[in-house]
Each structure stands twice: as structure tokens, then as C-alpha cells.
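See below for the structure under consideration.
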Amino acid sequence: MENVRIAILNAYDRVCAFMDNEAPDALHYDSDELCSYREGSANTYSFKASAKHGDSKYLAEGNKLSFRHDGQDYYFNIVKIYKTEYEVEVTGYSTVFELLNEEADIYRSARAMTFAEYFNEFNFEKTLELGINEVSDKSLSYEWTGTSTLLARIFSL
């Protein structure tokens, strides 16, 4: 991937630092790999950086990475860190990937609910944001008799 300026965010989405290979004093990264998966638009991003740079302390599990590449915005949760004295290896999963790993149990609505109400029920961590809701005036009662990923549950709505 060509040089991209990457924001390192804390768990509350506040910018802690930037990685930029063209800025002399910034934390630099290499061996980066952005993988996109077809179903559900999930992505993973991995890279290496110097552990000796002061900003490497922000490369921690639970923090986030955000950048724009080829006209698309990316937002990753840092889920895996391997650190030596000299180098930090980082792996991040896109937020949609997080929805692929979490399971929703059997569920039956007590009443007819709108899409937004179901969306909020299954999006309890607020991983996604509801944009334009073209069915905001519709209410239905649903029941799921088995478990499924949160992403599958939201897609089924």
C-alpha cells in the first residue's frame, strides 16, 4: 500500500498519534497488509513499526486505527499485538469483522418493533451507526430460533 497517514485512536476515539512514512519524526510502519473479505465487507490490517519510537505505546489492544485509502475510509480495532524490544507487530479487524465474531442468541420480540429498535437491540456495543432508514414507519414481530452472528442477524432484518 502506498504511503497513507494513519491515525491511532484510543478506545474513546480520541487521536493519540499519527503514523506517516513521509513525516520524518512520525512513527513509521512497514510490511503492511490490508485484506478485504467479500462477504460483509470485513477487513483486516496488519503492519510492523518500531518499538523504540515514543508513539508506539499507543499501539495497544483496544485502541483503533483509522485511515483513508483509495477513496475508502477504514476503521480498525487493534486486536493483536506482538512486541519485542525493537519491533511491534499489529493486527486490526474492521468493526464489521467484530460483528462476524459475536453471536446472538435465540430472540423473540415481545411486540412489533421498528428496524431501528431491532438494530439497537443487536448493536448494543454501538459498533455500527444507523444512517438513512427507509422503513422507519414499519413495525414487525420477529423470532430467531437459533444462534447467528450479529452481522447475519442484522442482515436478516
When you check PHE119 against the structure, is it of a type in the set (A, V, I, L, M, F, W, C), at pLDDT 80 or above and within 30 Å of GLU2 (Cα to Cα), yes or no?
no
Restricting attention to strands (runs of 3 or more DSSP E) lying wholly within the range 27-126, give those where 1 or more residues are of a type outside the set (A, V, I, L, M, F, W, C) and at positive phi.
29-36
Starting from the range 139-150, take each residue that is open to solvent by less than 40 Å² (accessible area, probe 1.4 Å) and list its partners that are assigned to a strand (DSSP E or B) and among the aliphatic types (A, V, I, L, M), counting only C-beta distances under 8 angstrom and pairs at least six apart or across chains.
TRP144/ALA104; SER148/ALA104; THR149/ALA104; LEU150/ALA104
Restricting the range 47-61 to residues that are among the charged types (D, E, K, R) and over 16 Å from ARG14 (Cβ atoms), which is surrounded by the fewest Cβ atoms within 10 Å (Cβ to Cβ)?
LYS52
When the residues of the range 62-102 are filtered to those that are surrounded by fewer than 16 Cβ atoms within 10 Å (Cβ to Cβ) and in contact with a Lys or Arg (Cβ under 7 Å, 6 or more places away or on another chain), which remaining residue is farthest from SER148 (Cα to Cα)?
TYR86
I'm checking my understanding of the structure. Among residues of the range 110-133 that are small (Gly, Ala, Ser) and in contact with a Leu (Cβ under 8 Å, 6 or more places away or on another chain), which one is farthest from ASN77 (Cα to Cα)?
ALA112
Residue satisfying all of: in the range 30-46; free of Cβ contacts under 8 Å to residues at least 60 places away in the same chain and open to solvent by less than 60 Å² (accessible area, probe 1.4 Å); nearest to ASN101 (Cα to Cα) among these
ALA42
Return the pairs, sorted by first residue and then second, in which the second residue is part of a loop (DSSP other than H, G, I, E, B), the first residue lies in the range 60-80 and is among the aromatic types (Phe, Trp, Tyr), the beta carbons are less than 8 Å apart, and the residues are 6+ apart or on different chains.
PHE67/VAL4; PHE67/ARG5
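The values are calculated or read from the model by the stated rules, or taken from the named source; none is laboratory data. The structure displayed is predicted, hence computed values, not measured ones. Neighbour counts run over all protein chains shown; Cβ positions are idealised from the backbone, glycine included. Accessible surface is based on the protein model in full, side chains and every heavy atom, while ligands, DNA and RNA are left aside. Shrake-Rupley method; radii C 1.70, N 1.55, O 1.52, S 1.80 Å.
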